[in-house]
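Engineer: Just dropping this structure here.
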Amino acid sequence: MAVFKIAVIPGDGIGPEVTASTCEVLQKVASKSGNEFVFTEVSAGGIAIDTYGEPLPAESLRIAKESDAVLLGAVGGPKWDNLPGKSRPEAALLGLRKELALYANLRLAILFPELKSASPLRPDLVENGVDILIVRELTGGIYFGKRGLEKSDECLPDGTPKGMEAFDVETYSEAEIERILRVGFTSAMQRRKQLTVVDKANILETSRLWRKVTEKIAPEYPEVSVEFMYVDNASMQLLRRPGSMDVIVTSNMFGDILSDEAGMITGSIGMLPSASLGTPGTPGMYEPVHGSAPDIAGKGIANPLATILSAAMMLRYSLGLPEEGEKIEKAVRSVLSQGFRTTDIASSSDTHVLGTKEMTEKVIEAYEKL
Ligand code: IPM
Ligand code: MG
């Protein structure tokens, strides 16, 4: 019997609904497995801007740092869209990633067999299923590089004054690249042993360093087959042959873009979980890949499954309870195979369309039976 401290950041939009559901599922896991989870609710995102005047109050960060793991719903919404960069809800997310040193972001894009018809791709392109793990570098690159906005004194070749000029710098060190590549290689070892390193090495110096470091460490993982792919080609191959991709490892920015694309291919972004990890022994952060969905917030129809599946990753990676995590995943699959759907994943022929609460109850019921 162990006691785990979980910082819960409901955030904005549908965030509070999906985290509440997930905490209910986790309570059930606690009582069945004989462990105790102590949840502390933490304010961050738009709600923190409204309540405390800043997206990530120091107290929130302190609680997150002292926890065993962080569960996050979603942050952001149109209400805060016109605020300057540092004051936006998204700054909470970047602050948490940086302060908790969560350099490895694991995003799963799985086409659940029960939801095949939800994929927007032609059936023959996804007939063998899709199961891609995107390993995205999360605390470096252009997201955290030097940036600026200044008045330029120069002109374009035709004499037009440039006016204002902005820049965002992409920087990667060997050490940063190596540690994220190692996450890619070890993940590939646990899966189908195929690693695609996505970059833009025909243009970017940072990408060429990614390739060099890959070549340096690849011999340590002789079973993993490595392919390099330019990001533009990768965005195309994801549509052409999604079933052949296993693990993709890439930079912060490319990972941001490709994970949305991969998520869409599965047709069910409401199903996709993620984990953000730092060095072992430090708290990881777990959140659904989908955003705050302000259009459906408060209606009780949000799909809680991505957050519930993120909790499964939390059990596996941060709490040392992999079997319980697996049971949650099984419970979710069982609910889907019984035909239960939330509106976002329902097709016109589905008759068991449930709200957030009912779906959560079904998962708990299925978990109890395992
Ligand atoms: C994501 C999001 C964030 C990102 C935003 C909200 C800052 O798009 O987690 O993918 O760009 O990393
Ligand atoms: Mg994104």
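Engineer: Mind sorting Cys155, Cys23 by how few other Cβ atoms lie within 10 Å of their own Cβ, fewest first?
Structural biologist: In increasing order of surrounding Cβ atoms, one gets Cys155, Cys23.
Engineer: Also: Regarding the chain, what whole-number volume in Å³ per residue does the convex hull of its Cα atoms give?
Structural biologist: Value for the chain: 161 Å³ per residue.
Engineer: Once a ≥ b ≥ c are taken as the square roots of the eigenvalues of the Cα gyration tensor of region 152-304, is the result rounded (a/c under 1.5), prolate (a/b larger than b/c) or oblate (a/b not larger than b/c)?
Structural biologist: Judged from the Cα gyration tensor, region 152-304 comes out oblate (a/c at least 1.5, b/c at or above a/b).
Engineer: Could you put Asp81, Asp199 in order, starting from the residue whose Cβ has the fewest other Cβ atoms within 10 Å? Could you put the intermediate results ahead of the total?
Structural biologist: On the way: Asp81 10, Asp199 23.
Fewest-to-most Cβ neighbours within 10 Å comes out as Asp81, Asp199.
Engineer: Once you compute Rg and the Kirkwood Rh from C-alpha atoms, what is the Rg to Rh ratio for region 58-102? Please report the intermediate quantities before stating the final value.
Structural biologist: On the way: Rg = 11.5 Å, Rh = 11.5 Å.
Value, to two decimals: 1.00.
Engineer: Apply the Kirkwood formula to region 1-92: the hydrodynamic radius equals the inverse of the mean of 1/r over all pairs of different alpha-carbon atoms; give it in Å with one decimal.
Structural biologist: 13.7
Engineer: Which lysines, if any, have their Cα less than 30 Å from the Cα of Lys330, not counting same-chain residues under 8 positions apart?
Structural biologist: The reachable lysines, counting only those whose Cα sits under 30 Å from Lys330, are Lys5, Lys28, Lys32, Lys116, Lys193, Lys299, Lys357, Lys362, Lys369.
Engineer: Here is a further query. Provide, as a two-decimal number, the C-alpha radius of gyration of region 68-182 over 2.2 N^0.38 Å, N being how many residues it has.
Structural biologist: My calculation over the Cα atoms of region 68-182 gives 1.53.
Engineer: Could you tell me the largest-minus-smallest coordinate of the C-alpha atoms of region 182-239 on each of the three principal axes, in descending order and whole angstroms?
Structural biologist: 30, 28, 14
Read the figures in this text as sums done on the coordinates, not as results from a lab. Predicted model only: the values in this text are computed from it and were never measured. A quick note on method: Cβ atoms are made from the backbone with ideal geometry, for glycine too, and the neighbour counts reach across all protein chains shown.
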